[in-house]
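What follows is calculated from the coordinates using simple rules that are stated; it is not laboratory data. Everything numeric here is computed off the predicted structure, so don't read it as measured data. With ideal geometry, Cβ positions are generated from the backbone for all residues, glycine too; neighbour counts draw on all protein chains shown.
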Ligand code: NAD
Ligand code: UDP
Ligand code: UDP
């Protein structure tokens, strides 16, 4: 890549699951990457293989505090994403989304930098509209246990659009649907990693509720491609844009696929459904297709195969 095209790019939450894949891809494109993370759910291990790269820098920092650095673009991913982790310290979760967004928007404003927000399908809550298009305003319980995440992310979207309208900031808002792949932590608590780890340890697979609730699972490489394409759009494109895989599965079907892929015979057991657990989730990705010429390429079986291989190597199972 020519020097002129080399950008300095900040990835907050860069030592997390999605962030580490994004850092890797941006380095492959020839950019300088500054990864900022407080290691709440991410780890140095996720970016260990990048530390020798002279174009990569890792900074331990909490985005709820101001950050003064010089960059051209910002991907704001800092925030725990698993219900188990974001409910562990719910006040910190809201602070991360809201104060973190204000600080990163203030940074983008000073630098006139382009900034992308990792928003979420959780802004749709437990939806009455299916599949969910961007125009749907959502159904979120403001006082439930998921609200720290859902409302924090909704407020962050508000801040992004107000900085855009009030200060002319160049913003991009991606609404990410369930994403999975290598580098999820074994104790992450989300369904794909839980099921794979349980299957590989020959432990029972924990279905919450009757297992008939649905999710649509996007492989991380597809998602990262979508984020990079969104950042590259012209300034008039702000989003929000849904990014996710529209193929929808019940949680029971996911369990069967994981058993097939691992070749193990774990039994399925039922545990209580967490409060406010959304019943169904499927992205309407027409906008992403049109604006980004993007759609997921990796089918669930293929993505699960990569992910199972990763967990096998990691756990020696
Ligand atoms: P993750 O938990 O692996 O990554 C989040 C990263 O942010 C971690 O490295 C964590 O240490 C860091 N972090 C948390 N609080 C921070 C703070 N205050 N300051 C600095 N760093 C902090 O989760 P992920 O799945 O990689 O999610 C990345 C982003 O994408 C999150 O913003 C999440 O809300 C969003 N998202 C993810 C999914 C998904 O299915 N994976 C779906 C929707 C949205
Ligand atoms: N900020 C930051 N880095 C910068 C510029 C700003 O972290 O390079 C933070 C700063 O803490 C500020 C916040 O971003 O409180 C919002 O900045 P903005 O300029 O919008 O507001 P103000 O400075 O007026 O509070
Ligand atoms: N889930 C489950 N067993 C688990 C973990 C999760 O049945 O061990 C269910 C959970 O109740 C939800 C779905 O799987 O209906 C997806 O959960 P996850 O925590 O991965 O993400 P989110 O609910 O935020 O989409």
Check your understanding: Roughly what angle does helix 191-200 make with the longest principal axis of the chain, taking Cα atoms, 0 to 90 degrees, to the nearest 10?
Key -> 50 degrees
Practice item. For a footprinting-style exposure proxy, rank 155, 35, 148, 218 by other Cβ within 10 Å, fewest first. Key: 155, 148, 218, 35
Revision key, fill the gap. One finds, for residue 109 and residue 202 with R0 = 41 angstrom and r their Cβ-Cβ distance, a FRET efficiency to the nearest 0.05 of 0.20
**Study point:** Inter-part distance where region 111-140 and region 249-263 are each reduced to a Cα centre, Å
**Key:** 27 Å
Check your understanding: Can you sort 208, 180, 219 so the residue with the fewest Cβ neighbours within 10 Å comes first?
Key -> 208, 219, 180
Exercise for review: Be a star and scan region 209-232 for residues whose amide nitrogen sits under 20 Å from the point 7 Å along the Cα-to-Cβ vector of residue 84.
Suggested key: 209-218, 220
Study note, to complete from the structure: For the chain, longest principal axis from Cα atoms; helix 300-315 axis from its Cα atoms; angle between them, nearest 10 degrees, is 90 degrees
Study note, to complete from the structure: For the chain, longest principal axis from Cα atoms; helix 17-28 axis from its Cα atoms; angle between them, nearest 10 degrees, is 50 degrees
Point to revise | Helix-only CD estimate at 222 nm, as mean residue ellipticity for the chain, using -39500 (n - 2.57) per DSSP H run (n ≥ 4) | key: -11500 deg cm²/dmol
Review point. How much length is gained on full extension from residue 158 to residue 256, taking 0.36 nm per residue of separation minus their Cα-Cα distance?
Key: 31.3 nm
Review point. Under a point spin-label approximation (7 Å from Cα along Cα-to-Cβ), what is the residue 268-residue 236 distance to one decimal in nm?
Key: 4.9 nm
Exercise for review: Treat each spin label as a single point 7 Å out from the Cα along the C-beta direction, and report the residue 52 to residue 212 distance in nm.
Suggested key: 5.4 nm
Study note, to complete from the structure: Ranked on Cβ counts within 10 Å of their own Cβ, fewest leading, 212, 175 go 212, 175
Check your understanding: How high is the FRET efficiency between residue 275 and residue 247 when r is their beta carbon distance and R₀ equals 35 Å, given to the nearest 0.05?
Key -> 0.80
**Study point:** Alpha-carbon centroids, region 205-248 and region 28-86: separation in whole Å
**Key:** 20 Å
Revision key, fill the gap. Pseudo-spin-label distance residue 297 to residue 65, built 7 Å along Cα→Cβ, given in nm, is 4.2 nm
Practice item. With 5 Å bins from zero, work out the P(r) of region 199-317 over every alpha carbon pair and list the percent per bin. Key: 2, 11, 17, 18, 17, 15, 10, 7, 3, 1, 0
Point to revise | Antiparallel DSSP beta bridges within the chain, as percent of all bridges there, nearest 5 | key: 10 percent
